[in-house]
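What follows is a single structure, written as structure tokens, with notes after it.
The values are calculated or read from the model by the stated rules, or taken from the named source; none is laboratory data. As the structure is a prediction and not an experimental result, all values here were calculated from the model. For neighbour counting, all protein chains shown are included, and Cβ atoms are generated from backbone atoms with ideal geometry for every residue, glycine included.
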Amino acid sequence: MQSVTSTRDGEVLILTIDNPPVNALSWHVRNGIGEEIGKAVADDSVKAIVLICAGRTFIAGADISEMGNPNIPSGLTFLEVFDTFEHANKPIIAAIHGSALGGGFELALVCHYRIAVPSAQLGLPEVKLGLIPGAGGTQRLPRVVGIEQAAIMVSLGEPISAVEGHERGLVDRLAEETSLRADAITFARECIAMGPRSTRNLPVTGNLAAIEKLKAENARKWRGFEAPYVALKCVEFAAGVEDPEDGLRFEREAFVRLREGTQTKAQRHMFFAERQAAKVEGLPKDTPLRDIRRVGVVGAGTMGGGIAMNFLQKGIPVALVEQAQDNLDRGVGLIRKNYEALAAKGSFSAEQVEQNLDLLSPSLALEDLSDCDLVIEAVYEVMDVKQEVFAKLDRICKPGAILATNTSYLDVNEIASATSRPQDVLGMHFFSPANVMKLLEVVRGDKTSDDALATVMALAKRIGKIAVVAGVCHGFIGNRMLAQRQHAALQLLLEGASPEQIDRAHFAFGMPMGPFQMSDLAGLDVGWHRDPSRVETIRDALCAAGRLGQKNGKGFYDYDERRNGTPSPETLAIIEDFRSRSNLPKREITDEEIIERTLYPMVNEGHLMLEEGKAQRASDIDVVWVHGYGWPAYRGGPMHWGEQEGASKIAAALEKQGIPVAASLKENIG
Ligand code: 3H9
């Protein structure tokens, strides 16, 4: 089937792009458009051209799968096609529904007029792929909407609605939601009299100060990322350039530099990894889903409350159960406080906060969960406690209800065995803060049924999570790998590195915090045996000394009341004591060694999990680490990073450390 076809409505020619799933500008689409537009321009009986898309969306950008692929047939470039549009001797009208993104949005910008349905979205999300717009977006957009709005759109990559686009002069006309094609043809007839019109030579308006403000506001979020800064540089250039052609050249060169770099490779990998993660091997696409209308959460602590918020804000009623009234009140109070804080930031209106809270039913009785379609347990990480809750839920919950545990380590099969319905039991491991973190590990027990799993995967998408399927093993994907990193970091302390040096090396690598800062934040007593006389590790010693982490102001670091950490003489003395008893000489350790010693064992563990079938694919592991632990997206997750480091280098380093190497890594040793 042809991806570009033309039809006529009197003097208006309608060019339709049909390239599922998202009408990306693949090579054959570019060639098709170029050819058809050439013919239409040459045909005197055509007075106006409408560019419209079939299917669910307008053009969602360049075809990302073509990038870095040397086997793409040659043909027309973006710039050749765009040039024909811009210089056409008759008006071209972009008719937009769904999303006009990246190269698709840029093509709409070279069209002479734009009509869109109100629900359409317009944006330049290239930064999320480690790129910038490469077909004039950074040069034409400031000429239409001004520097400030253009800078926001190119550097943050978030789309705006067609309604906002209309207010900002980006969209010339709003169409009826259901009659875009007819409305576009009518509009095209009006445009004939107005003639073609180009955005390229419009003056750039606005103030460059907006750019510095954006940089300051996003410094933390953009740390280590190249693309947002390059995108802003291009907007700045547009403001100062005399000949727009120079601006286009400047942008093009910057685009090509980024396209050849490592960051975009990693970020494109993440784009596909995130979409791939939703696919469960061996699960038929048409697996029937269970209806989830009401959710129960057991445990109103920080985790339970955060979990509940996910559903409430999507309009799903939640029954929240606690054992004691004061804990329940505290939990409900925390949910309100969190929503109010979000409302203060503009995420919700005050009315929405009340609507969300109206959907919450606090209770002291598990029996109140009898009509829930899904119950998520978020109580203490102790097997006996979990099993007791599940045995009760088994008696109380209606047949077909899904029973999920939020455990972060424990054996989901063992938890399921406390019920008479292990097919309905699985893990839903949320990450803290549960209403903020994107990741959800969905743990598939040995007996979990296909439809329970498929239902939870679909539900995850509904509440805006990126779900990854993990098999039952200690710590699942994320925490199992984390344990390797923590173990190696503690070993490095014994050999002479300090907590600050190790944390600094991880921060410089791009992690939001290092292993010890993270331990302090989580609490050093998580998983501690609680026997102060049993001191086998540095961590045991810190706990025994009452150093429990940020929560009591002292852990690996000492904390002030604003939770700023400084090196602790007491901790350093404890480390020193362990070192002298382990007879290890103190030596200089480089940051490079820290990264290799702490991260290579993680990559190894990832390979082991793949070999054991605990993770479906390497890219799923990357999704877990980028969205659950803040691994920098520009490094593409530990498995992608490991691939760039080289399997043979990693395997050799692990062997040198005496660490058993995963077979799939070992086979790469030359
Ligand atoms: C660019 O344009 C650079 C230019 O400036 C340079 C010019 C020189 N290409 O997300 P979904 C696939 S850079 C190839 O689940 P939704 C996706 O992998 C590009 N494939 O759907 C998935 O495949 P599968 C700038 C793409 O409804 C399927 O489509 N544009 C592309 O939730 C469905 O995707 C962007 O960054 C693509 N461009 O969301 C836009 N886009 O089914 C990226 C999607 O096999 N796309 N696929 O897993 C999106 O943001 C969302 O896909 C969209 C739809 C909002 C469009």
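Annotation: of all residues in region 99-125 being touching an Asp or Glu at 6+ places or on another chain (Cβ under 6 Å) and β-branched (Val, Ile, Thr), the one that is nearest to the ligand (Cβ to nearest atom) is 110.
Looking only at region 293-314, residues that are part of a loop (DSSP other than H, G, I, E, B) and surrounded by 19 or more Cβ atoms within 10 Å (Cβ to Cβ) come to 4 in all.
Consider residue 73 carefully, then state whether it is farther than 26 Å from residue 191 by Cα, away from the ligand (no atom under 15 Å from the Cβ) and out of contact with any Leu (no Cβ under 8 Å at 6 or more places or on another chain).
In short, yes.
Could you list, in sequence order, the residues of region 211-268 that are buried (at least 18 other Cβ atoms within 10 Å of the Cβ) and of a type in the set (Gly, Ala, Ser)? 227, 231, 238, 239, 247, 254, 266, listed by residue number.
Tallying residues that are buried (at least 16 other Cβ atoms within 10 Å of the Cβ), more than 13 Å from the ligand (Cβ to nearest atom), hydrophobic (A, V, I, L, M, F, W, C) and not in a helix (DSSP H, G or I) within region 18-57 yields 6. Using the structure shown, decide if residue 641 is in a helix (DSSP H, G or I), closer than 22 Å to residue 279 by Cα and among the aromatic types (Phe, Trp, Tyr). For residue 641, the condition - in a helix (DSSP H, G or I), closer than 22 Å to residue 279 by Cα and among the aromatic types (Phe, Trp, Tyr) - is not met. For beta carbons closer than 8 Å, sequence separation of 6+ or different chains, a first residue in region 354-365 that is within 17 Å of residue 310 (Cβ to Cβ) and a second that is modelled with pLDDT under 95, the qualifying pairs are 356/348.
Here is a list: 255, 225, 271. Which entry is within 14 Å of the ligand (Cβ to nearest atom) and either under 30 Å from residue 376 (Cα atoms) or in a loop (DSSP other than H, G, I, E, B) (or both)?
Matching residue, one of 255, 225, 271: 271.
Can you find a residue that is closer than 23 Å to residue 273 by Cβ and either in a helix (DSSP H, G or I) or more than 13 Å from the ligand (Cβ to nearest atom) (or both) anywhere in region 156-165? Yes, some residue in region 156-165 is closer than 23 Å to residue 273 by Cβ and either in a helix (DSSP H, G or I) or more than 13 Å from the ligand (Cβ to nearest atom) (or both).
Yes/no per residue for (1) assigned by TED's automatic domain parsing to the domain that holds residue 158; (2) within 22 Å of residue 172 (Cβ to Cβ); (3) polar (S, T, N, Q):
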{"position": "24", "(1), (2), (3)": "yes, no, no"}
{"position": "57", "(1), (2), (3)": "yes, yes, yes"}
{"position": "80", "(1), (2), (3)": "yes, no, no"}
{"position": "92", "(1), (2), (3)": "yes, yes, no"}
{"position": "96", "(1), (2), (3)": "yes, yes, no"}
{"position": "101", "(1), (2), (3)": "yes, yes, no"}
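Report yes if some residue within region 176-183 is in a loop (DSSP other than H, G, I, E, B), at pLDDT 95 or above, within 16 Å of the ligand (Cβ to nearest atom) and more than 26 Å from the chain's Cα centre (by Cα); otherwise report no. Looking through region 176-183, none of the residues is in a loop (DSSP other than H, G, I, E, B), at pLDDT 95 or above, within 16 Å of the ligand (Cβ to nearest atom) and more than 26 Å from the chain's Cα centre (by Cα).
Given the criteria more than 21 Å from residue 300 (Cβ to Cβ) and part of a strand (DSSP E or B), does residue 375 qualify?
Against the criterion (more than 21 Å from residue 300 (Cβ to Cβ) and part of a strand (DSSP E or B)), residue 375 does not qualify.
If you go through region 52-80 and keep only what is closer than 23 Å to residue 127 by Cα and in contact with a strand residue (DSSP E or B) (Cβ under 8 Å, 6 or more places away or on another chain), you end up with 57, 58, 59, 60, 61, 62, 63, 78. Taking first residues from region 44-64 that are closer than 23 Å to residue 264 by Cβ and of a type in the set (Asp, Glu) and partners that are outside any helix (DSSP H, G or I) and within 11 Å of the ligand (Cβ to nearest atom), the Cβ contacts under 7 Å between residues at least 6 apart in sequence or on separate chains come to 63/24; 63/25; 63/26. Here residue 81 clears all of (1) modelled with pLDDT under 95; (2) aliphatic (A, V, I, L, M); (3) assigned to a loop (DSSP other than H, G, I, E, B) except the condition numbered (3). Any residue at all in region 611-624 that's among the basic types (Lys, Arg), under 33 Å from the mean Cα position of the chain (by Cα) and not assigned by TED's automatic domain parsing to the domain that holds residue 523? The answer is yes, given that some residue of region 611-624 is among the basic types (Lys, Arg), under 33 Å from the mean Cα position of the chain (by Cα) and not assigned by TED's automatic domain parsing to the domain that holds residue 523. Within region 278-289, residues that are under 16 Å from residue 449 (Cβ atoms) and touching a residue at least 12 places away in the same chain (Cβ under 8 Å) reach partners that are of a type in the set (Gly, Ala, Ser) and within 14 Å of the ligand (Cβ to nearest atom) with beta carbons closer than 9 Å, at six or more positions or on different chains, in the pairs 289/458.
Scanning region 381-419 for residues that are without any contact (Cβ under 8 Å) to a residue 60 or more places away in the chain, in a loop (DSSP other than H, G, I, E, B) and among the hydroxyl-bearing types (Ser, Thr, Tyr) returns 407, 417, 419. The condition of being free of Cβ contacts under 8 Å to residues at least 12 places away in the same chain, under 32 Å from the mean Cα position of the chain (by Cα) and assigned to a helix (DSSP H, G or I) does not hold for residue 233.
Residues of region 432-464 that are over 25 Å from residue 612 (Cβ atoms) and in a loop (DSSP other than H, G, I, E, B): 432, 433, 434, 435, 436, 437, 438, 463, 464.
For the residues 106, 126, the requirement of being more than 20 Å from residue 3 (Cβ to Cβ) and modelled with pLDDT of 95 or more singles out 126.
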